[in-house]
């Protein structure tokens with residue numbers, strides 16, 4: 001069922017709560033920055049922008065329908081990636097996982113598996 005307005009919904013049901021809690025405790029500034037950046041993406045989508053019609057330095061595709069939101073504006077920060085699936089026909093942003101550059105390959109693999117479950 002599609003969303004009748006332009007407002008996108010955030011869905012965290014596929015996110016592992018313990019992973020996010022642990023990451024927030026270890027890297028609070030990066031965690032907050034990623035979610036602030038996700039809010040910027042959501043605002044653009046809520047304003048009617050189409051997914052591929054805007055460019056942000058912290059937001060990019062990881063192939064298919066998987067996107068990552070990075071941290072920004074934090075000197076000396078741990079490079080962080082918040083993985084999300086943007087399901088356009090339902091206007092839903094699924095928050096999937098969060099990790100660092102070191103865990104990137106495994107995080108992408110796991111996130112793509114989650115997308116298959118969502119579909």
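Annotations
- Residue 72, sole failed condition from (1) surrounded by 12 or more Cβ atoms within 10 Å (Cβ to Cβ); (2) without any contact (Cβ under 8 Å) to a residue 12 or more places away in the chain: (2)
- Of residues in segment 94-119 being in contact (Cβ under 8 Å) with a residue 60 or more places away in the chain and under 21 Å from residue 45 (Cβ atoms), the one nearest to the chain's Cα centre (by Cα): 95
- Failed item, numbered, when residue 63 is tested on (1) over 12 Å from residue 34 (Cβ atoms); (2) touching a residue at least 12 places away in the same chain (Cβ under 8 Å); (3) within 11 Å of the chain's Cα centre (by Cα): (3)
- Residues (over 15 Å from residue 92 (Cα atoms) and in contact (Cβ under 8 Å) with a residue 12 or more places away in the chain) located in segment 1-39: 16, 19, 20, 23, 27, 29, 30, 31, 33, 34, 35, 37
- Within the option set 45, 56, 66, being out of contact with any strand residue (DSSP E or B) (no Cβ under 7 Å at 6 or more places or on another chain) and crowded, with 17+ Cβ neighbours inside 10 Å holds for one residue only, 45.
Read-outs throughout are calculated quantities, based only on the coordinates presented, and are distinct from any laboratory measurement. Because the structure is a prediction, the values reported are computed rather than measured. Counting neighbours? That spans all protein chains shown, and the Cβs are built from the backbone with ideal geometry, glycine included.
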